[in-house]
Amino acid sequence: MPTFRVELDRLCAKRAKDLGRDLTAEELREIDGRLFQAWIDAGRLDDLIRTIIANFGRDGGLEEIIVLGHHLRETKDVARIHALFRRLISIRVKAFHLWWPRAAEGHVGCMREAARTSAAAMDAYLEYFNSLDRLGLQEERENLRAEMQRFQAREAVRNVLPQEAAKRGGA
């Protein structure tokens, strides 16, 4: 099966050929959105998670993350919710920590990047928090809230999947 990017490129090329011109940014977004929804409808959820991680691991993709997260909540797909958000948070928190030491020393460019990567991490945290809340997973939600607070305080964040924490006897 082709990857999302390969399929998107194919659809865009076909549409551009049919129109006899380059596509506008809006037309590209429309095709992307339709394909994304088609993959959700077809159950290609693991492929979409991989696509999000590959394309938006460090930042961006909030619309895609929200749309897929909503579907996973609606279908109560807790395992995929954990897979999507834990991986995103891990990547984004690490990206922040690449910038933070120099930002803390006052390097203004690093300060900007630290702020940007912190915001991207918080976007993922918030969507994960909302998912846990809507699924009634209160203990996990409160553990995540504590993790978010540690991140905001610039303390070390241990990013552990719930099933891994259970194997270790807790987080």
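The values are calculated or read from the model by the stated rules, or taken from the named source; none is laboratory data. Remember, it's a predicted structure, so these values are computed and weren't measured experimentally. Virtual Cβ from ideal backbone geometry, glycine too; neighbours counted across all protein chains shown. Just the protein is used for accessible areas: all its heavy atoms, side chains included, with ligands, DNA and RNA removed. Shrake-Rupley method; radii C 1.70, N 1.55, O 1.52, S 1.80 Å.
Quick notes on this one:
- With respect to the stated conditions, ALA54 is in a helix (DSSP H, G or I) and open to solvent by 40 Å² or more (accessible area, probe 1.4 Å).
- Qualifying position, being closer than 18 Å to ARG141 by Cβ and assigned to a helix (DSSP H, G or I), among LEU98, LEU84: LEU84
- GLN163 vs. criteria part of a helix (DSSP H, G or I), modelled with pLDDT of 75 or more and polar (S, T, N, Q): no
- Selected residue (criterion: nearest to GLU113 (Cα to Cα)) from residues of the range 87-103 that are among the basic types (Lys, Arg) and in contact (Cβ under 8 Å) with a residue 24 or more places away in the chain: ARG92
For (1) farther than 28 Å from LEU45 by Cβ; (2) surrounded by 17 or more Cβ atoms within 10 Å (Cβ to Cβ), each residue gets a yes or a no:
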position	(1), (2)
THR75	no, no
ALA79	no, no
PHE96	no, yes
HIS107	yes, no
GLU113	yes, yes
THR117	no, yes
ASP123	no, yes
LEU126	no, no
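- Among the residues making up the range 81-94, a single one is open to solvent by 70 Å² or more (accessible area, probe 1.4 Å) and under 13 Å from the mean Cα position of the chain (by Cα): ARG87.
- Residue ID - farthest from ALA54 (Cα to Cα), chosen from residues in the range 1-19 that are without any contact (Cβ under 8 Å) to a residue 24 or more places away in the chain and in contact with a helix residue (DSSP H, G or I) (Cβ under 9 Å, 6 or more places away or on another chain): LEU19
- Residue in the range 137-158 that is modelled with the lowest pLDDT, counting only those that are under 21 Å from ALA104 (Cβ atoms) and surrounded by 12 or more Cβ atoms within 10 Å (Cβ to Cβ): VAL157
- Odd one out for ASP59, checked against (1) part of a helix (DSSP H, G or I); (2) surrounded by 12 or more Cβ atoms within 10 Å (Cβ to Cβ); (3) of a type in the set (Asp, Glu): (1)
- Across the range 62-73, the number of residues qualifying as among the β-branched types (Val, Ile, Thr) and either surrounded by fewer than 18 Cβ atoms within 10 Å (Cβ to Cβ) or touching a strand residue (DSSP E or B) at 6+ places or on another chain (Cβ under 6 Å) (or both) comes to 2.
- Residue satisfying all of: in the range 9-46; under 15 Å from the mean Cα position of the chain (by Cα) and open to solvent by less than 40 Å² (accessible area, probe 1.4 Å); nearest to ILE81 (Cα to Cα) among these: LEU45
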